[in-house]
Amino acid sequence: METLRADVRAWIAENHPGEPGFKLPQSALEVADDRQFDWLRDWQRKLYDAGYVGAEWPREYGGRGRERGAQRVIDQELARARAPFLLNLVGLSWAGPVILRYGTEAQKRRLIAPLLRADEIWCQGFSEPGAGSDLASLRAKAVRAGDAFQIDGHKVWTTLGRYADWCILLARTDPDAVKHAGISYFLAPMKIPGVEVLPLVKMTGEGGFNQVIWTDARIPADALLGREGQGWEIATATLQFERGAAEGSAGGSGGGGEQVGRVAALARALARDADPVVRDRLADFWIRETALRANAQRARVAGLLSDRPEALPLMQKLTASELTQALADFACELEGDAAGLWIDDPGAIENADWQRSYMNSFAMTIAGGTSEILRNILGERALGLPKTR
Ligand SMILES: Cc1cc2nc3c(=O)[nH]c(=O)nc-3n(C[C@H](O)[C@H](O)[C@H](O)COP(=O)(O)OP(=O)(O)OC[C@H]3O[C@@H](n4cnc5c(N)ncnc54)[C@H](O)[C@@H]3O)c2cc1C
């Protein structure tokens, strides 16, 4: 592993793309401009061609078949070098792992390699206007018509939907079955008649997610993943990947890294670092960040969590997203009036990066399960508290 680490480090030193000369989004959740998209796609391809995406995935599908732990070493080095994040987030981190687990041989051979190389982009069609946290109440329909399924429904908050070639799509195939039993899971093509993508704008002014309207869209019958009616089980597995409670991502740095150090540097630059209140707050954040890192280590000790393997990663998703938000909030507080200035304003500090982080931070406390939902799950399944109704 130490050889791998040294190789990755040397490769990044040679190939880090630096700044693109235009504003990049802060994560794959905000990519909505063709220049950003092309630049980030090139970066993922380069990283894949170097062997650093899908490092542990099977060779026969386009992975590199390396030993367990290799991807983590690569990702750590990418994060350390503040390398750009990977574009095909949904494909790499949750569609790909579920296809490997539930897909047919034909599906794996057809879909995995282009996903790793960002030749084909994936999105996730789970949420609907009336079914976010309560996913099982989704209404999109899939009706079998010969060798196809006809899809009708309305999905919302579809990240990367505008660029996607494929969608992991949940739809109801049996309206008469009890809530969870009638749902099926599809690997649906997006660039077909009957699929309309309508962009949504976030409070940062950036795009990224979309509404997707499916009207009489015909997808082939072999787009079904698993069995008809098995959708709920596969959706639950997908959420385990999405929330970090199951390992198997094909890689990519989250682009985060050492956040408290950055806020401390900001305090120094603003000559606020001698203020005892500021120092006290920074120390508190540092303790939280250190505890998070220690917990991430703990989650990798085999057997330690065998009775509730998902509890620690869920706690991690909850606390990390809330820490990110609190830190960005504090950074804006340090900036004072300048926190009211926006990107490209000559008076903006760090080109308004902290303001943007603060607004974007709400995404991670909502997407993949809101903080309230995660607290419910942890309360019920980890602490054994009474169930909510
Ligand atoms: C940036 C971003 C990207 C996203 N990308 C995608 C995507 O690509 N594909 C996709 O399918 N979805 C995506 N989503 C949608 C996301 O999964 C949903 O927003 C999320 O599941 C919450 O659902 P909701 O928005 O319908 O809120 P609701 O479920 O309506 O919840 C509203 C509020 O009520 C609370 N609440 C609801 N039920 C309970 C309960 N039982 N107990 C306590 N509190 C409760 C919630 O915590 C929340 O505060 C994305 C969301 C964001 C923010």
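The values are calculated or read from the model by the stated rules, or taken from the named source; none is laboratory data. Since the structure is predicted, the reported quantities are computational estimates derived from the model, not experimental observations. For neighbour counting, all protein chains shown are included, and Cβ atoms are generated from backbone atoms with ideal geometry for every residue, glycine included. Quick note on the areas: whole protein, heavy atoms, side chains included, nothing else; ligands and nucleic acids left out. Shrake-Rupley method; radii C 1.70, N 1.55, O 1.52, S 1.80 Å.
Between Leu115, Leu334, Leu87, the GNM of the chain built on Cα springs shorter than 10 angstrom shows Leu334 fluctuating the most. If you sort Val143, Val8 by accessible surface, 1.4 Å probe, largest first, the order is Val143, Val8. A straight line joining the Cα centroids of region 182-252 and region 316-342 runs 31 Å.
Within region 97-218, the percentage of alpha carbon pairs spaced more than 25 angstrom apart rounds to 24%.
Taking θ as phi - 60° and the Karplus parameters 6.51, -1.76 and 1.60, the scalar couplings of region 264-272 work out to 5, 5, 4, 4, 5, 4, 8, 6, 10 Hz in sequence order, x denoting glycine and proline.
By how many nm would the segment from Lys202 to Ala13 lengthen if fully extended, with 0.36 nm per residue of separation less the alpha-carbon distance? Result for the pair: 64.6 nm of gain on full extension. Once the Kirkwood radius over Cα pairs is known for region 208-356, the Stokes-Einstein relation at 37 °C and 0.692 mPa s delivers a diffusion coefficient of 172 µm²/s. For the chain, the number of Lys pairs separated by eight or more positions or lying on different chains, with C-alpha atoms closer than 19 Å, is 8. Within region 294-389, the chymotrypsin sites (Phe, Trp or Tyr not before Pro) that combine a DSSP coil assignment with at most 14 other C-beta atoms in a 10 angstrom radius are Trp342. Farthest toward the positive end of the dipole of the chain, out of Ser133, Gly18, Val301, is the Cα of Val301, where the dipole comes from beta carbon charges about the Cα centre.
Computing FRET efficiency as 1/(1 + (r/R0)^6) for Phe22 and Ser371, where r is the C-beta to C-beta distance and R0 is 22 Å, gives about 0.10. Shown here: the chain, whose C-alpha atoms stretch 71, 50, 48 Å along the first, second and third principal axes, sorted largest to smallest. Size descriptor for region 216-291, Kirkwood hydrodynamic radius: 17.0 Å (Cα pairs only, one decimal). Where the alpha-carbon atoms of region 1-104 are placed on the principal axes, they occupy 38, 34, 18 Å, in descending order. Three principal axis extents describe the C-alpha atoms of region 44-134; from largest down they are 41, 33, 24 Å.
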